[in-house]
Amino acid sequence: MTIRTICVFAALMTIASCGGPGKADDPSDVTSRLMTDATGIDDESFSAAGWKGMLAYYGDSWDNPEGKGRLYDWITVPSHDLFVPSLKQVSDQGYGLVIVSGFMWDTALAEVAPLYPGQKYLIIDVKWLDGPNIMQASFAEHEGSYLVGLAAALKARADGIATPRFGFIGGVPGRVITRFEMGWIQGIRSVYPDAGFVDYYANAWNKPELAKAQARAWYDSGVYAIFSAAGATGNGTIAQAKEYRLSGRNVWAVGVDGDQHRAGVYADGKSAVLTSMLKRVDRATEYALRSVRDGSFEGRVYEFGAANGGVDFAVSNPELGDAIVAAVNAAKAGIIDGSVVVVPGYAEAKSLGLAPDGLMARDD
Amino acid sequence: MDRRAVPAKIGWAVFLERLTATDARLGVAVAGLGLLAGGLVAALAGGSPLGLFRALLQAATGWDAARQVWNIRYVGEWLAVATPLILTGLSMGFAARAGLFNIGAEGQYIAGLTAAQFAALYLPPVPVLHAFLCVAAALAAGAVWGGLAGWLKARFGASEVVATIMLNYLAFYLSRWLTQAIPGATTYRTPAIPASAQLDAGFLKTLSGGSNLGWGFFAALGAALLFWWLLERTRMGYALRASGLNPDAAMAGGINPGRVGIFAMCLAGAFAGLAGASVALGSFNHGRVLSEFDNYGFMGIAVALAGGARGFGVAAAGLFFGLLASAQTLMQGQGIPRELAVIVSGIVVILLSMKAGLGALAGRLGGSAVGAPCDARPEPGEGNGG
């Protein structure tokens, strides 16, 4: 994402929050805590993004979290059996909003939330809970993944490749990661209906070495671009793409969650990350905090998709080119107005002939 | 040992000596010292040492000093968190008394956890009986997994250290594979476990204000008692301690060290398996496909060290480490880094492993040759028993 776009976003948000006569109240009216598993906010993925949204709400920055500890903070829980007791402990403190990051928290929150009817909660990546005090943020990852798939395919066509092949590396299989994979395939196939496609699941979020070995094998066999939705595992794909681009080969990695452009830089101004699928968890946490402040908080599911900027694609790599950016933006507009339909599930995609048989994606 | 013979020339030397006279006293002193050091670290890290002690007070008693409220639930949660730590500590400690280094409590814990989940999902949901059978399955699976390492050592001379480390990974991946094969299981959890398999006790929940405290905690106390009785009051326990202290002498005395080793590892595995059951049936209402180690087995090593590999010592150490774990969220709420609980545990373990040195120091300062005998494999009949 360019500086300009960020500025536009920031400006829009400022207008949104301060719009109308009478300035909005002080953000410090709402205290909050972010609860994560043992990894904490250093996962370079959604916990980090959730934290960024909190920082944005309080007007702080990553390197200078001034209100941390006083207004907001993050709390890690070392193992899953401690989710429930820790959530109760935090709820006892009576914060304005308790944010739990990740679907692994669903049963713990379902157990605790009814015991604290006055406490408001936000859970990320979940949309199957019930309760007037649970706000659930769900993301249309398939829409954002469609955009990066389209971008990669258009780049291959611009490079004059007749029959390019594409790869997908996932973390632990499951319906969330399947949405990334299905979007990626459908984006590619909208350009190359018969594109060759391979996928691999590392069964881990923190094993970059597995992704690197797989990426190497695939690039060697002629794969053009690989999209990883695997947390830190995906850094292996980027590392391999950097190595190969440095030695002059035309292969690409595609980033996920945040803009991974900088992670892919291998030479002056050149990055092996063609684009990144952006999952804006920060928007969800910031939105929830603001809704607690202005009293509009509701216990229901909020879908974050292309239409409300919840998912997007990154345009920081100049090699993407204006033409491709324009074409992908047109597709984004199509998703928003409904003229482009992206299906999230593997079974559905298969039945519509949008995805090949024999992939490792799972719908449960 | 008669302490009055020591001339009271230097007051604090006598104090130090008295402190190191028994394991229990030393343990308490070292735990206190560890906490003080923790307060220092908290201050250095920019947090408030007061916050640390408030968090610990709240975790132990339920008294929230900042908001002036009392909530009994915290006590229940503390005991519940301590449960698997006590049990894996007993696992490590039991093997240590036989001279075996059981790094495999994590794998035995996973074996027990997995067996408990399977029994919970597949056995008929008969009240009371169901939970008993689940626990029995966990004990058996843990015992088999531990016994396997003991057998490999007895039969092939395989180092139990290497064998148990490898069995940890084997248990982990086997558990993942088997659990995912359960119909209706996703990549991270199984269908719900029936209430009849769970270790909740209604009256305990009511008494402890809705905490997670269940039968598991009492099973852990029972296990500590069993640990003491087996080692101190049975022939097998004698054989076990003897081969731990001197395998050659034990063999010459007619003890079969191979058999003793298998027995010790089976029991150690059963303790860890019970820890697995206490978590699987006490903290969750569904089975889990593990995505990483829960780490209770590894923490058990520190618990056993701190507890001097004695039943009641391990129980006390498990409670202490459980207190730290249970206070961790509260500490973070007070702006104290999450690593602090780990740092305090580390300091305590290091200080405890220096016990012998401290005793000798006290002896030199006090002018008499006193040495507190201590180590993870203590002599039989020393200290305060069991």
**Request:** Starting at the first residue of the stretch B:86-98, write each ³J(HN,Hα) from the Karplus equation 6.51 cos²θ - 1.76 cosθ + 1.60 with θ = phi - 60°, in whole Hz, x for Gly and Pro.
**Result:** 4, 5, 6, x, 4, 4, 4, x, 5, 5, 4, 5, 8
**Asked** Which residues make up the longest stretch of chain A clear of GluC sites (Glu not before Pro) that lie in a DSSP loop with no more than 14 other Cβ atoms within 10 Å, not counting the sites?
**Response** A:67-297
**Message:** Please compute, for peptide A:69-81, the average count of beta-carbon atoms on other protein chains lying within 10 Å of each residue's beta-carbon.
**Reply:** 6
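Please give the net charge around residue A:244, taking every other residue with its beta carbon less than 14 angstrom from that of residue A:244, where Lys and Arg add +1 and Asp and Glu add -1. Before the final figure, lay out each step's value.
Numbers: positive: A:212, A:216, A:242, A:245, A:249, A:270; negative: A:220, A:243.
Its environment carries a net charge of +4.
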**Whole-Hz ³J(HN,Hα) from phi, Karplus 6.51 cos²θ - 1.76 cosθ + 1.60, for the stretch B:335-342, glycine and proline x** = x, 9, x, 5, 5, 4, 4, 5
**Prompt:** Residue by residue, what Karplus-based ³J(HN,Hα) values in Hz, rounded to whole numbers, does the stretch B:145-158 have, using 6.51, -1.76 and 1.60 with θ = phi - 60° and x for Gly and Pro?
**Reply:** 5, x, x, 4, 5, x, 5, 4, 6, 5, 7, 10, x, 5
**Request:** Let me have the 222 nm mean residue ellipticity of chain B computed from DSSP H runs of 4+ only, each contributing -39500 (n - 2.57), with the sum over all residues rounded to the nearest 500.
**Result:** -22500 deg cm²/dmol
**Fill in**
The convex hull of the Cα atoms of the stretch B:11-366, divided by residue count, gives a volume in Å³ per residue of 155 Å³
**Request:** Report, in degrees rounded to the nearest 10, the 0 to 90 angle that the Cα long axis of helix A:83-92 makes with the longest principal axis of chain A.
**Result:** 40 degrees
**Message:** Give the residue list of trypsin sites (Lys or Arg not before Pro) in the stretch A:186-280 that are DSSP loop and have at most 11 other beta-carbon atoms within 10 angstrom.
**Reply:** A:249
**Prompt:** Want the number for residue B:298 to residue B:69: 0.36 nm per residue separation, take away the alpha-carbon distance, what's left?
**Reply:** 78.9 nm
**Item:** Descending Cα extents along the principal axes, the protein assembly as shown, whole Å
**Value:** 92, 64, 58
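Which percent, to the nearest 5, of DSSP beta bridges fully inside the protein assembly as shown are antiparallel? Please list the in-between numbers first.
On the way: 11 of 51 bridges.
Expressed as a percentage, antiparallel bridges in the protein assembly as shown total about 20.
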**Asked** Long-range amide H contacts for residue A:313: which residues qualify at under 5 Å (H placed 1.01 Å from N, peptide plane, sequence gap of 5 or more or a different chain)?
**Response** A:278
**Prompt:** So how do B:43-51, B:206-214, B:225-233, B:100-108 stack up, highest first, on mean other-Cβ count within 10 Å?
**Reply:** B:100-108, B:206-214, B:225-233, B:43-51
**Asked** Length gain on complete extension for the stretch residue B:248 to residue B:50, per 0.36 nm per residue less the alpha carbon to alpha carbon distance?
**Response** 66.0 nm
**Fill in**
CD proxy, 222 nm, chain A: helix-only mean residue ellipticity via -39,500 (n - 2.57) per DSSP H run with n ≥ 4, per residue, nearest 500, stands at -12000 deg cm²/dmol
**Prompt:** With a Cα-only, solvent-free Debye model of chain A, what are the log10 I(q)/I(0) values at q = 0.07, 0.08, 0.11 Å⁻¹?
**Reply:** -0.30, -0.39, -0.74
**Message:** How would A:276, A:291, A:351 line up from fewest to most surrounding beta-carbon atoms within 10 angstrom?
**Reply:** A:351, A:291, A:276
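Bear in mind that the values in this text are calculations on the coordinates, not laboratory data. Note that this is a predicted model, so its numbers are computed, not measured. Cβ sites come from the backbone with ideal geometry, for glycine too, and all protein chains shown count toward neighbours.
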